[in-house]
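Peer 1: Mind having a look at this structure? Questions to follow.
Derivation of every value follows stated rules applied to the coordinates shown; laboratory data play no part. Since this is a predicted model, take the numbers as computed values, not measurements. In this analysis, Cβ positions are derived from the backbone assuming ideal geometry, glycine residues included, and neighbour counts consider all displayed protein chains.
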Amino acid sequence: MTALLAVLSLILIAIIVVQLGKVSELARKIRGEEEMQLMVNRRNGALSLLFLIVFLAATIASGLYYKNWFLGFGPHASASQHGGALDNMFAVTLFFTGIVFVLTHIALFYFAWRYQGRRGGKAEFLSHNNRLEVVWTLIPAVVMTFLVIKGLDAWNEVMADVSPEEEYIEIEATGMQFAWLLRYPGPDGKLGARDYKKISASNPLGQDWTDTKNHDDIHPTEIVLPVGKKVRVRITSRDVLHNFYLPHFRVKMDAVPGMPTYFVFTPSKTTEEYRQELKNYDEYNVPIDPDDPESLLKWEAFDYELACAELCGKGHFSMKRLVKIVPEAEYQDWLSKQQSYYESTIKGTDDDPFKSETDAISEAAPEEVEDLQEEAAE
Ligand SMILES: [Cu+2]
């Protein structure tokens, strides 16, 4: 039935199109070809002008409506020390491209109306104009130079690596389909060596267990960091491209198999402080989502998160990890409660290169064991 109706509608639409064509052909004959063309020009010119007004009004209205959704505004303040510089870059770029956007659209649609074909109208032939060339080359060149230099400046500042004498925490994030494997250095403050050939079911990162720096390394399921302390993240991937993305901290870096990358940032607000900011925003301004009755409660459930920002396969969405920024004391407390992966999973198993050593220490009298083994053989 639906198919029949669809076919009938298509036939009717086709008939209407054909009939309309015939009508305009007749009208053209009655009024004359040129008069008809001028009428079409006037109509299209007026429509261009109308479109320009509606389009610019809608652009400005949507900009005002979404003003609190922009980076760095309202509930979208950055929570890291370098984040403000990036938000500022975004705002400055938007300002300049916004001016160009408005001016070029005014020119495009206003000219379509202003210079429409008229009776006796004559186009001016303009082969070359030096002043015009200078204006439209120089202005974009100056603006682009300013944006590029400012961008490069921000890039160099954000991507500056830590100096060896500086105090910082180094953690590691390895992307895999579909999870982030996180590693903390443990009490020695040093991450142990890795070798991809050593990756197995019990050794997801390919840690070299003969390297004792690995023995206190922790594999937490969430990122916990102290506020106000510099963090260097080593970023790698075990299989395909992933992207280490901490949106609230303006941290985003590709995880590339075989090519280690890094990102250095300093969290500037604890999770609790960010929640309080959201609460204030909700109380004194518009709710975050006016249509959501639970919007006013949302700030309590807020958490920072780590996401994968590179579409890496069908489980891409599940790469979310919780990020908690806490005061220093709370961080130390959390750290002291973590057990190293070696202690919990590797020690004493066949994977442990120090197995015989641990056995010798734990077992009181090895001679007795030998005797027992001989007895068993008999
Ligand atoms: Cu991914």
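Peer 1: Can you give the local net charge around R119? Use residues other than it whose beta-carbon is closer than 10 angstrom to its beta-carbon, Lys and Arg +1, Asp and Glu -1. Present the calculation step by step, with values, prior to reporting the outcome.
Peer 2: Values: positive: R118; negative: E34, E35.
Net charge around R119: -1.
Peer 1: Taking only the C-alpha atoms, wrap a convex hull around the range 1-91 and report its volume per residue in Å³ as a whole number.
Peer 2: Values: hull volume 17.5 nm³, N = 91.
So the per-residue Cα hull volume is 192 Å³.
Peer 1: Could you give the distance between the Cα centres of the range 66-80 and the range 106-149, to the whole Å?
Peer 2: 36 Å
Peer 1: Related question: Residue by residue, what Karplus-based ³J(HN,Hα) values in Hz, rounded to whole numbers, does the range 221-237 have, using 6.51, -1.76 and 1.60 with θ = phi - 60° and x for Gly and Pro?
Peer 2: Rounded to whole hertz, the list is 9, 9, 8, 10, 9, x, 6, x, 10, 5, 10, 10, 10, 7, 10, 9, 9.
Peer 1: Calculate, in whole percent, how much of the Cα-Cα pair population of the range 158-210 lies beyond 12 Å. Walk me through the numbers on the way to the answer.
Peer 2: Details: 1011 of 1378 pairs.
Summing the P(r) of the range 158-210 above 12 Å gives 73 percent of all pairs.
Peer 1: I need the semi-axes of the equivalent ellipsoid of the range 24-173: take the C-alpha gyration tensor, multiply each eigenvalue by 5, square-root it, list largest first in whole angstrom. Mind showing how you got there, number by number?
Peer 2: Numbers: eigenvalues 527, 95, 24 Å².
Each semi-axis is the square root of five times an eigenvalue, giving 51, 22, 11 Å.
Peer 1: Right, here's the next one. With a sphere of radius 13 Å drawn around the Cβ of P327, what net charge do the other residues whose Cβ falls strictly inside it have (Lys, Arg +1; Asp, Glu -1)? Let's see the in-between values first.
Peer 2: Values: positive: K229, K269, K324; negative: E272, E273, E328, E330, D333.
Charge balance near P327 sits at -2.
Peer 1: Okay, next question. Sorted by average packing, counted as other Cβ atoms within 10 angstrom per residue and highest first, what order do 134-144, 233-243 take? Please list the in-between numbers first.
Peer 2: Numbers: 134-144: 10.9, 233-243: 20.2.
Ranking the peptides 134-144, 233-243 by packing returns 233-243, 134-144.
Peer 1: Can you give the direction-averaged projected area of the convex hull of the alpha-carbon atoms in the range 113-195, in nm²? Mind showing how you got there, number by number?
Peer 2: Values: hull surface 57.9 nm².
Its average projected convex-hull area is 14.5 nm².
Peer 1: What relative contact order, as a whole-number percentage, does the chain give when Cα pairs under 8 Å and 6 or more residues apart are counted?
Peer 2: It rounds to 15 percent for the chain.
Peer 1: Provide the net charge surrounding T266, with neighbours chosen by a C-beta distance below 10 Å and charges set as Lys +1, Arg +1, Asp -1, Glu -1. Please report the intermediate quantities before stating the final value.
Peer 2: Details: positive: K229, K230; negative: none.
Net charge in that neighbourhood comes out at +2.
Peer 1: To two decimal places, what compactness ratio does the chain give when its Cα radius of gyration is scaled by 2.2 N^0.38 Å? List each step's numbers first, then the result.
Peer 2: Numbers: Rg = 33.2 Å, N = 378, 2.2 N^0.38 = 21.0 Å.
That ratio works out to 1.58.
Peer 1: In straight Cα distance, which lysines are under 28 Å from K347, not counting same-chain residues fewer than 8 positions off?
Peer 2: K190, K197, K198, K213, K337, K355
Peer 1: Can you report the principal axis dimensions of the range 169-356 using only the alpha carbons, biggest first, rounded to whole angstrom?
Peer 2: 65, 38, 26
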